[in-house]
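So the structure is just underneath, and the comments pick up after that.
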Amino acid sequence: KIPFITNQTIKAKSDQLSTKQRRIAITANALINKLNSRINNNSVKIKSLIPQKVNSEKNKHNYWEQTVNYLNPYTILQKGYSITYYNGKVLKDSECIEIGARVETKLKNGRIIGNIVQKEP
């Protein structure tokens, strides 16, 4: 048997379908608007975080630059200290050198060369 479909039934089903399509469109638009709003909010957050991150990285860079400068042995020369070399290496212990040995001392401005005449432990 073929069911009897009237124009009235077709019209009712068509109206139901149109109503469902409108609801889907409204829901989809609401979801799109909500997602666009979230995208805009995140974009604003990201734009504000970028300068903070750049500033943070600059601070890290400055910290490490200061640390490297502080640890640079020639920085101590600026304070009036000197660095003494024996055979091209920094002399750290009087036990490592003999009387009469030739040494070179680096100063803030220039260097001096001399011989060891006395040593103490």
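Observations
- Selected from 27, 105, 67 as most flexible by GNM, with the chain as the system and alpha-carbon contacts under 10 Å: 27
- Percent of Cα pairs exceeding the 19 Å cut-off, where the set is the chain: 75 percent
- In segment 29-121, GluC sites (Glu not before Pro) in a DSSP loop with at most 11 other beta-carbon atoms within 10 Å: 98
- Between helix 7-71 and the chain: long-axis angle, C-alpha atoms, 0 to 90°, nearest 10: 10 degrees
- Looking at segment 10-85, the chymotrypsin sites (Phe, Trp or Tyr not before Pro) that sit in a DSSP loop and have at most 16 other Cβ atoms within 10 Å of their own Cβ are 81.
- Efficiency of FRET from Cβ geometry, residue 50 and residue 105, R₀ 35 Å, rounded to 0.05: 0.10
- Formal net charge of residues neighbouring residue 104 (Cβ-Cβ distance under 12 Å; K, R +1; D, E -1): +4
- Relative contact order (%) - the chain, alpha-carbon pairs under 8 angstrom, separation at least six: 14 percent
- Dipole of the chain, positive direction: furthest Cα of 12, 24, 64, with charges on the beta-carbon: 12
- Theoretical FRET efficiency, 1/(1+(r/R0)^6), r = Cβ-Cβ of residue 98 and residue 69, R0 30 Å, to 0.05: 0.25
Coordinate-derived values only; no laboratory data. Computed from a predicted model, the values in this text were never measured in an experiment. For neighbour counting, all protein chains shown are included, and Cβ atoms are generated from backbone atoms with ideal geometry for every residue, glycine included.
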